Each structure stands twice: as structure tokens, then as C-alpha cells.
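Data first, discussion second: the structure below is written as C-alpha cells.
The values are calculated or read from the model by the stated rules, or taken from the named source; none is laboratory data. Just so it is clear, the structure is predicted and the values come from calculations on it, not from any experiment. Please note: Cβ atoms are built from the backbone with ideal geometry, for glycine as well, and neighbour counts cover all protein chains shown.
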């Protein structure tokens, strides 16, 4: 009998967020295949995807990719990795629909096998039998996984919360978690995103009540922004708009496409005649219009951004507008969102965005919910996932209060190969799992030195110096040519140019005196002297690119 | 009789935060003179200071700078602006001490007149009589101002909260606010920072209680980080450390200097023998040590950062450490702080940082406190300040519920000249007030094009191309020389080089054919063609710097 191996592979900072690998004997399954978004200090990097070196080395073992739900951080890397891995994908209908959208955008759709599985379905992939269990989350059709292996069942919650009054769809199937727990669960992997929050995450129903309050009796035009993928939220907004006799115009491509998928799959239910085209909004009175818009994170060029900064063709914001921001800021976006809100206010709009109202609720379980899952599943071993190290640590403490021994809990890192038998759990070794950067057309080929150069360029710019030198005599032909980009100092001024020429001429002479005539060494010496001088006059350290052009 | 003019001048996004100007007839006083810290999109900018064009034009009218408290955003621009304005500064003793520290660092101390005024003191500056009123804030010796003018009294709260149980010093002098209100206040300028927070900001005493709980019976070494300027907080930590028999070592230059000033002025009271040198910490048992450290914002190279990433000479973090983060994240710093906390956890430390504990309280008044001030001062006119536009808007709504008519409230912008008579308030005109960027030695000389270049450099880097051309025949001497920095594409590969050479040669030939021989036009044409090609192969748009070197 083999040991079971579980390897969290992807996630920027967070552990096991974008991808987790299960391996047993000759079989591997991949749970989720998502992308991350880089911090500001990863200059120019567009996305971050999991490092699949380990999967590449074990390609023949892979039986498929199993998707828990359709958010970018769980599906976004599929278009990047499928061409190489070429394995079938298994997902619930809505997740499958969203994946198809992404593959279509990358022209990969026709070559991919996507199998749709419903909640409650069980299917075999090599040594594994997978069952989809309904959970609540900020996207419809999200599932947890019960993964039956030859040595026992492992439960992976995926992203989840316990919503006792979801607005659309069933509440999380707590009974099934309990049933599995009663039969014995070998290990639990559970979402640690909100482990720092005490209590219970608020139900989506609260948002619904708040919307009703904000629409009731309102005479203004109403503009609501939320995440394009939050189908349930969009459904609510449409329902309340229809209730109060408003037509709905959708603005923003990502939202339009997501709604088209959700409607086609009957995850949304839009009353006949409710939707109108954005071009037609000015033919109706203000109090009969609701505009659903992208831009809840203040994204530049999103529909809401363009409205705020008067760049929108059809929509001009004024005191007859009530703008509702139904989303919370993803860390890092606070400043841009603030700017958009300020601009809306300055145009006269009433903006409703307050953290202290119930305009948005989290999609992740807080402490009491995490305890409920632990109490139902009663796992022998516990692996907190989906969080930064400090969150996994807190989740482990929480599990301890629920009776999971510390020795039975593993705090893994991305790349940790967790080795599990019926009676033991340990980290066996580490495999390659660093994040892979996507920069334009380049996947994974950007190295730290390029990012470091970009950081320096961003801070102080670059000075380019061209020295024409006679190849035979090594004499300077003329004064150097100076160019700069992003460097903040008056290089054009005669005094500074004279000084630079002097530093170069002196360095040059000193090289010749010391018989250093190799251009590489000369370049280095001149550059060192010059950067000292530049720092002295400007307190800045631009990159200096110096070329000795022998003619 | 003249009109009173109030002009909010400085603040990045926030209105009237860093500087406000009062003008009456031939007299001007400046309230505060602080700096802001730039957003991430102001590449390479170190600080932002107020634009003093208006003050420069009215230099002979300026009677002095009046400081409300010693935080950087209220005093930090003094060293930049004093050389030019050369006017006396009026501040409370601790604020004056901190200003002296800053001036000393800039070698400006001997040339500056700093006058120390105590709480309750009144002093005349031209047409104005200024009175310092004690308020609570996250730095000691903070004051509000009652400014008596020939047409009435104006109250400026500065930054404040109402702390009924401050740990050190007196509570805010609510009685004086009430007294002024009863005698009639023409206008109130009030702090809007926390206007979005309902209720009442928690007292500093809560933090004290929490510290006691965390020190009591703790067997580990305790490391606490907080803001260097939060003298009261540091005082509390030292007091609780001494109570539980711990010696305190201070680590971080800014904190050491701030404490030296506070002690010299008797704002701190450190029991004899409590402080030890950081070098001596290893001679004591863990449970007799408390380390006070900078780095509460995760600053690179701060003491805490170096501890977390094992770069600290004297301090090695392990499971015998309890680290307490007694600060909240300033927006934009969340990610770096998370990384430091994670690294501390990974070294085995117990880190106490949770938002939901009482380890930090805000220094600004929440809604109920703002209402108390409005009810005491009962101003005729109201000018919300210290906040982004949306906050001023909310503060205006709050004032309305307290009986200040909308028509008597002014929502100003930086540069708005607010014109006040006994019976009227209006915005008269706008004066120059954009932020001034400080970048190394350059003050105000950085223009948008440099920041735009830096943004492009940060995203995709730069390609430098040198073309040697015979000046007479305009023939290429050889293949171009290519260099790049921060550009992510294999420029070294033979195929790409060949392609670039081809694009250049073709563009070159086409120019000659069209008789375009002027180097500037040729450069533009070649650059345009080349950037098209580079984008096609890389999906990136680096800056292209092309130089035609005629020889």
C-alpha cells in the first residue's frame, strides 16, 4: 500500500490557494489551477501562476484537474498550463461555463475536455474517487471535495462560508460533512482566509435587505457596482430593481459575459423585459433606471472609473445619481477606490460605500464556521490551507481547541510534500514551487535581476552615456553624448555637463595611466566614478548605462 | 474692516491637512507645515510638500507658523520651507523639541526662531490672537487653536480625539471649547479623518489594560513595536515592563531620538535603571527583557524587519519570543506588514497583532466625538478639514444634524480661498495649491513626464539602440548596438537581433528613399517601426531610446 502525498503548489504568499496536488501510487489529481495578482513590488508582472515543474516531471500520472469554483484564483492559470499538461478538467456547470469563457479568449476551447459534474456526483480518477459537496461562497456553484483514497477519505473545503439564508441556491450541505465525519475522515484541508475574524460571517440575505432599503422610494438613478463573478449579488440587484419598477442596463464587458454564461446555464433568472441596452438609458426617467457596472476595485478604464472621471460616453454623473459600491477593497486597491469615490462625490453623486453598512459580505468562513466544519468532519489529520503562514498558524490553534492534536496538524508551505499514512502525517521533502511570473508573452522567463532593474528604473530612472573613442589611440573623439529617461536632474545644464565630462575624462585618463584599456573594465571604472558624482549632486542613484563606441 | 480669508494649502488628497493659511488685512499666519507620503504611482517621489506660491507672493505679510502637534504631516515640511520663508515658529514644548530635531538634521537649527507656548497661552501675531487648547491625540502636547480675529473667533481643532482616560497628560479641555462656544464662534475647522466611524474612539487606557494582560506571567522575551512618535504608548510599555520586572532596550534610531527629546522635556518618566543597551540583552534571562522597536509599518531595514528576516545583529527570533504589534497599518503598508508578521511566525515567535484585540487605538475622533465638539463650539460657519472630499461631505452632513445649515458649511479644496465676513462665507477664488514633489535633492522640479517615464520603465524597461552612421553617405557603419535594462525578452538571441536589424535597415532605407535625412525625423520613424515590432514579439512596450551617431 502506498502513502498519500498532498502538495500545496500555488499561491503568492498564501499556501495551497491556487493549486494543490494529490498523489497516490501512479495517480495524480490536481485541485484547482488559479492565478494570483502580483504585489506592487513585482514591477511589470501581470499575473503569477503556479510552478508546475513537479507536474511536468510526473506528467504521465496526471488524471485530471478538479475545480472547486470559478474564481480567477482557482481557474485563471488553466489557459497557461493546459497546453502543456493537456488533461481533462472536471467542474460544476457554472465553473465549467466560466472556464470555457477563459479558454475561448485564449483559443484553447476546442482542444480541451471539460467534464461537467453536479453537486452530489461522484467520479473516479485513477486511485481517487471524488465527490462534489455543495458549499456557499461569493460565486454560485462552489463545491468542497470529498476525495476517497485507498487509505481513507480526505475532505478539501475549497473556499466556503456557511450561509444559512443564501439568496440563490442551497445552503452548504452540512449534513454530508457530518456523514463523512461519522464514517471517518483521514484528513481535512480547510480554508483559512477569515480565520482572524471572530464569530460568523454575515449572510448574503443581509445585503438583500440593505438593497431593498436603498431602492425603496429612491427618486434618483441608481448605479451599483460589484464583482462581475458574484452572480448571486447581481441576481439580487436585478430582482430588487425589477421590484421597484426599474430597468437594468449592464455596463462592463466582464460582467456582460459572466451574466450571459450564468443565464444560459440558468443560474440567473432575469424577468422578461428587465434588461435594456446602455444606449437607451437616457430615454427613461431617472427613477426607472438601474445601472449595473464593473469597477468595484476602482480599476482604471472600468465603467465606474470612466463615469467618475467624466470619460463615459453615455453616463454623466450628477446630483441625480445614487451610486452603491457593493464590494470591499482587495488589499492594495484602497487608494484607487477612494479616488473614484471622491470623484463621484465631487460630481454631485450620493455615494453609498460605507464599511459599516451591509453592502457587502465576505465569502469566507469566520472562526465559528471553521469550528463547525472541524466538529462535523472530525478529521484525524488537519492541514490548514488558503492563507498566509500566520493564518494557518491561527487555524491550527483553532483546530486544537476542537480536539485536533498539534502533532496531527501540519503547517505546510507551497512545495511541501505532505506524506500521509493511515497513522502518520509528516512533511517528507520540498519540491519546486516558487511562483512563476507572467509578463506579457513571457511565462516564467522573468528573473529577479529584471525586476530589480525595473525597481531602480522606477525610483530614479536611467542615464545613458555614449563615448566615441578612436579604437587605435583610445582617445575620446568628442564630449560624451548624454541621454536620460525618468532621471530628475538638469542634465542639460552646462555646468552639470561640464562636470560629467570632467569626471569621464579624468577616469579615462586614469585608466590609460594604469594601462587598463579593456573596454569592459574601463566602462566599470568610469561608471563607478560617475555614479558617485551623480549621487553627490542629486542624492539619486539612476541606472547608468555607459557604452564605449570604438570607431 | 477687512474680510477674513482661510486657505487650505497642503495635503495629498486630503484637504487642509498639512497646511492652512489665515489672512486678515496685512497679516498672514500659517497653521502647520507638514509633508505627505506619495502613493505608489508617484514613482520615485520621496515626499510631497505644500505649494507655497501664494505665500511667496505675500511673504511680507507672514507673521509666523503655528504648529498644532509634532507629527510629520504637520511639521515635516518646515525644513524645506523655512529657508525660503524665514518666519518664527510657535509650538508647544514637545512639538518644538521634535521640530528642533528635524531642523538639526537639516542644519537649520541655529537660524530659526522657535517660540514655545504652553497650553492655555495666548499670543498675538499681527491681527490674530492665538490660544492653545489641550486636545488628546496619538502624540503628546497636541493642541487645538482658538484664533481671535477682528471679525470673530475661529476654532481649529487640529488632529484630536476625546480621551476621557488618557494615560498621560490631561484630557481634552472640553470646558474651554464650551466657553468659547458660549461667547460665540464665527467658524469651526474640524478634523474629518474618522468621520466614517460611528460611535466613540476607544481610550488609550484600553491599550494599557491589554499590555498588562500580555506581560503578566509571560515567560518569553517580549518585543513591542509602535510608532516612534507615540510617546504616551511608549511610556505605557515602559511602565508595564518595569511593573513586571523587565529591563527595556530601545532599538531603532527614530525612537531613540524621540525618547531623548521627550525625556529631556519631562514628557516621559522612565524609572531609574529600567533602560539597558541593546548590546546587553543577552546577559539577562528572556523573561526580564522587553525590546521596544521601530518597524510597525514593516519598513524595510527597520529593527523589526531585520529581526523577522534574520538580519539583526543582536536579536535572533525564536519560539521564546512574544512580538506585539501595537499599531495599525497605514493604507498601502498592509502587504509589507503581513510579510514581516509571517516571517516572525516562521521563526517560531508568537506574534500578537490582531485587529480585534485592543493593541492600538486611533488618535482621531469618531462621529459622536465630532458631534460633541460641534455642540460645544456651536459655530456659525463650518469648514470640515483633514480628509478626502467624501469625508468632508460626510462631516458636513453630520454638522447639519447638529444644526449647522448647509448654506453655512463650506466644502473647500486645497487652494480654495474661503472668504468670511461676520455674516457670510463663500469660496472667493482658487490659488495655486498642487502638491510639490520632493525627489532626492530636487524640490518641486519633477514634472509629470518624468513620473510617466518612470512608470513605463517600471512596467517594461528600456531598450537602448545605437546606430553608427557615416555622416556623409548616411550609410550604416555596422549592425546596431543593442542594450536593455528591465526589458524581459531575449534580445541576445540571434533571430531577434536579426529581425531588429532588418526592421532598422528597412526603416533606414525607406527614409533615404523618401529623402528624410534629418536625424531627428529618422529617429522617430525607426522608433515607431521598432516599437511595433517589439510589441508584436513580446506584448510589451519598453521605452526605446535610439541614437544615431554620425561619424
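I'm trying to understand the selection: among the residues of region B:339-349, which are within 24 Å of residue B:207 (Cα to Cα) and more than 9 Å from every other protein chain (Cβ to nearest Cβ)?
Matches in region B:339-349: B:340, B:349.
Please indicate, with yes or no, whether at least one residue in region B:529-541 is free of Cβ contacts under 8 Å to residues at least 40 places away in the same chain, in contact with a strand residue (DSSP E or B) (Cβ under 7 Å, 6 or more places away or on another chain) and within 14 Å of chain A (Cβ to nearest Cβ). Can you show your working first?
We begin by selecting, within region B:529-541, every residue free of Cβ contacts under 8 Å to residues at least 40 places away in the same chain; these are B:529, B:531-533, B:535-536, B:539.
With the extra rule that they be in contact with a strand residue (DSSP E or B) (Cβ under 7 Å, 6 or more places away or on another chain), the set shrinks to B:531.
Within this subset, residues satisfying the condition of being within 14 Å of chain A (Cβ to nearest Cβ) are B:531.
Yes, region B:529-541 contains a residue that is free of Cβ contacts under 8 Å to residues at least 40 places away in the same chain, in contact with a strand residue (DSSP E or B) (Cβ under 7 Å, 6 or more places away or on another chain) and within 14 Å of chain A (Cβ to nearest Cβ).
Among the residues of region A:392-416 satisfying the criterion of being touching a residue at least 60 places away in the same chain (Cβ under 8 Å) and buried (at least 22 other Cβ atoms within 10 Å of the Cβ), which is nearest to the chain's Cα centre (by Cα)? Lay out the reasoning, then the answer.
Of the residues in region A:392-416, the ones touching a residue at least 60 places away in the same chain (Cβ under 8 Å) are A:392, A:394-395, A:398, A:412-416.
Keeping just the survivors that are buried (at least 22 other Cβ atoms within 10 Å of the Cβ) gives A:392, A:395, A:412, A:414, A:416.
Numbers: A:392: 19, A:395: 22, A:412: 21, A:414: 16, A:416: 22 Å.
If we take residues in region A:392-416 being touching a residue at least 60 places away in the same chain (Cβ under 8 Å) and buried (at least 22 other Cβ atoms within 10 Å of the Cβ), then A:414 is nearest to the chain's Cα centre (by Cα).
Going by the structure shown, is residue A:550 in contact (Cβ under 8 Å) with a residue 40 or more places away in the chain, within 11 Å of another protein chain (Cβ to nearest Cβ) and either surrounded by 12 or more Cβ atoms within 10 Å (Cβ to Cβ) or in contact with a helix residue (DSSP H, G or I) (Cβ under 8 Å, 6 or more places away or on another chain) (or both)?
Judged against the criteria, residue A:550 is a match.
Among the residues of region B:502-515 satisfying the criterion of being without any contact (Cβ under 8 Å) to a residue 24 or more places away in the chain and loosely packed, with under 15 Cβ neighbours inside 10 Å, which is nearest to the other protein chains (Cβ to nearest Cβ)?
Quick first cut of region B:502-515, residues without any contact (Cβ under 8 Å) to a residue 24 or more places away in the chain only: B:502, B:506-507, B:509-511, B:513-515.
With loosely packed, with under 15 Cβ neighbours inside 10 Å added as a condition, the list becomes B:502, B:506, B:509-510, B:513-515.
Working: B:502: 20, B:506: 23, B:509: 23, B:510: 25, B:513: 27, B:514: 26, B:515: 26 Å.
The selected residue is B:502.
Of the residues that make up region A:35-49, is at least one in contact with a helix residue (DSSP H, G or I) (Cβ under 9 Å, 6 or more places away or on another chain), at positive phi and touching a residue at least 40 places away in the same chain (Cβ under 8 Å)? Break it down stepwise before answering.
Our first condition is that a residue be in contact with a helix residue (DSSP H, G or I) (Cβ under 9 Å, 6 or more places away or on another chain); within region A:35-49, this holds for A:35-37, A:39-45, A:47, A:49.
Retained after the next criterion (residues that are at positive phi): A:44.
Restricting the remaining residues to those that are touching a residue at least 40 places away in the same chain (Cβ under 8 Å) gives A:44.
Yes.
Can you tell me which residue within region B:2-32, out of those that are surrounded by fewer than 24 Cβ atoms within 10 Å (Cβ to Cβ) and within 14 Å of chain A (Cβ to nearest Cβ), is nearest to residue B:157 (Cα to Cα)?
Once the filter is applied, the top-ranked residue is B:14.
Scan region A:352-367 and give yes if some residue there is farther than 23 Å from residue A:139 by Cβ, surrounded by 20 or more Cβ atoms within 10 Å (Cβ to Cβ) and within 13 Å of another protein chain (Cβ to nearest Cβ), otherwise no. Steps first, please.
First pass over region A:352-367, keeping only residues farther than 23 Å from residue A:139 by Cβ: A:352, A:354, A:356.
Now drop any that are not surrounded by 20 or more Cβ atoms within 10 Å (Cβ to Cβ), which leaves none.
No, region A:352-367 has no match at all.
When you go through (1) surrounded by fewer than 14 Cβ atoms within 10 Å (Cβ to Cβ); (2) over 23 Å from residue B:481 (Cα atoms) one by one for residue A:540, which number turns out not to apply?
Among (1) surrounded by fewer than 14 Cβ atoms within 10 Å (Cβ to Cβ); (2) over 23 Å from residue B:481 (Cα atoms), the lone unmet condition for residue A:540 is (1).
Can you confirm whether residue B:226 is closer than 15 Å to residue B:352 by Cα and touching a helix residue (DSSP H, G or I) at 6+ places or on another chain (Cβ under 7 Å)?
Judged against the criteria, residue B:226 is a match.
When region B:47-57 is examined, which residues are found to be surrounded by 15 or more Cβ atoms within 10 Å (Cβ to Cβ) and more than 14 Å from every other protein chain (Cβ to nearest Cβ)?
Passing the criteria: B:49, B:50, B:51, B:52, B:53, B:54, B:55.
Hey, residue B:189 hits all of (1) on the phi < 0 side of the Ramachandran plot; (2) surrounded by fewer than 24 Cβ atoms within 10 Å (Cβ to Cβ) but one; which does it fall short on?
(2)
Just to verify a result, which residue in region B:319-338, among those that are out of contact with any helix residue (DSSP H, G or I) (no Cβ under 8 Å at 6 or more places or on another chain) and within 9 Å of chain A (Cβ to nearest Cβ), is surrounded by the most Cβ atoms within 10 Å (Cβ to Cβ)?
Filtering first and then ranking leaves B:336.
Looking at (1) over 23 Å from residue B:72 (Cβ atoms); (2) assigned to a loop (DSSP other than H, G, I, E, B), which one does residue B:175 not meet, given that it meets all the others?
(2)
Of the numbered conditions (1) over 28 Å from the mean Cα position of the chain (by Cα); (2) within 7 Å of chain A (Cβ to nearest Cβ); (3) modelled with pLDDT of 85 or more, residue B:426 satisfies every one except a single condition; which is it?
(2)
Out of the residues in region A:435-457 that are within 7 Å of chain B (Cβ to nearest Cβ) and touching a strand residue (DSSP E or B) at 6+ places or on another chain (Cβ under 7 Å), state the one that is surrounded by the most Cβ atoms within 10 Å (Cβ to Cβ).
Selected residue: A:457.
Could you check, for region B:392-409, whether at least one of its residues is more than 13 Å from chain A (Cβ to nearest Cβ), over 19 Å from residue B:195 (Cβ atoms) and assigned to a helix (DSSP H, G or I)?
So far as region B:392-409 goes, yes, one or more of its residues are more than 13 Å from chain A (Cβ to nearest Cβ), over 19 Å from residue B:195 (Cβ atoms) and assigned to a helix (DSSP H, G or I).
Say whether the condition of being modelled with pLDDT under 95, under 25 Å from residue A:362 (Cα atoms) and crowded, with 20+ Cβ neighbours inside 10 Å is met by at least one residue in region A:121-139.
yes
Taking region B:9-30, which residues are at pLDDT 85 or above and within 17 Å of the chain's Cα centre (by Cα)?
Of the residues in region B:9-30, the ones at pLDDT 85 or above are B:9, B:14-30.
Result: B:9, B:14, B:15, B:16, B:17, B:18, B:19, B:20.
When region A:350-391 is examined, which residues are found to be closer than 30 Å to residue A:310 by Cα and free of Cβ contacts under 8 Å to residues at least 40 places away in the same chain?
A:351, A:353, A:354, A:355, A:356
Taking the condition under 30 Å from residue A:457 (Cβ atoms), surrounded by 24 or more Cβ atoms within 10 Å (Cβ to Cβ) and either touching a strand residue (DSSP E or B) at 6+ places or on another chain (Cβ under 9 Å) or assigned by TED's automatic domain parsing to the domain that holds residue A:69 (or both), does residue A:44 pass?
Numbers: under 30 Å from residue A:457 (Cβ atoms): yes; surrounded by 24 or more Cβ atoms within 10 Å (Cβ to Cβ): yes; either touching a strand residue (DSSP E or B) at 6+ places or on another chain (Cβ under 9 Å) or assigned by TED's automatic domain parsing to the domain that holds residue A:69 (or both): yes.
Spelling it out, residue A:44 is indeed under 30 Å from residue A:457 (Cβ atoms), surrounded by 24 or more Cβ atoms within 10 Å (Cβ to Cβ) and either touching a strand residue (DSSP E or B) at 6+ places or on another chain (Cβ under 9 Å) or assigned by TED's automatic domain parsing to the domain that holds residue A:69 (or both).
Quick check, is residue B:498 within 26 Å of residue A:548 (Cβ to Cβ) and either crowded, with 21+ Cβ neighbours inside 10 Å or at the interface with chain A (Cβ under 10 Å from one of its Cβ atoms) (or both)? Spell out how you get there, then give the answer.
On the way: within 26 Å of residue A:548 (Cβ to Cβ): yes; either crowded, with 21+ Cβ neighbours inside 10 Å or at the interface with chain A (Cβ under 10 Å from one of its Cβ atoms) (or both): no.
In short, no.
Name every residue in region A:73-99 that is farther than 18 Å from residue A:21 by Cα and touching a residue at least 60 places away in the same chain (Cβ under 8 Å), in order of residue number.
A:93, A:94, A:97, A:98
Restricting to region B:471-507, give me the number of residues that are touching a helix residue (DSSP H, G or I) at 6+ places or on another chain (Cβ under 7 Å) and over 30 Å from residue A:450 (Cα atoms).
2
Of all residues in region A:458-489 being in contact (Cβ under 8 Å) with a residue 60 or more places away in the chain, in contact with a strand residue (DSSP E or B) (Cβ under 6 Å, 6 or more places away or on another chain) and within 10 Å of chain B (Cβ to nearest Cβ), which is farthest from residue B:491 (Cα to Cα)?
Looking at the filtered set, the residue picked out is A:477.
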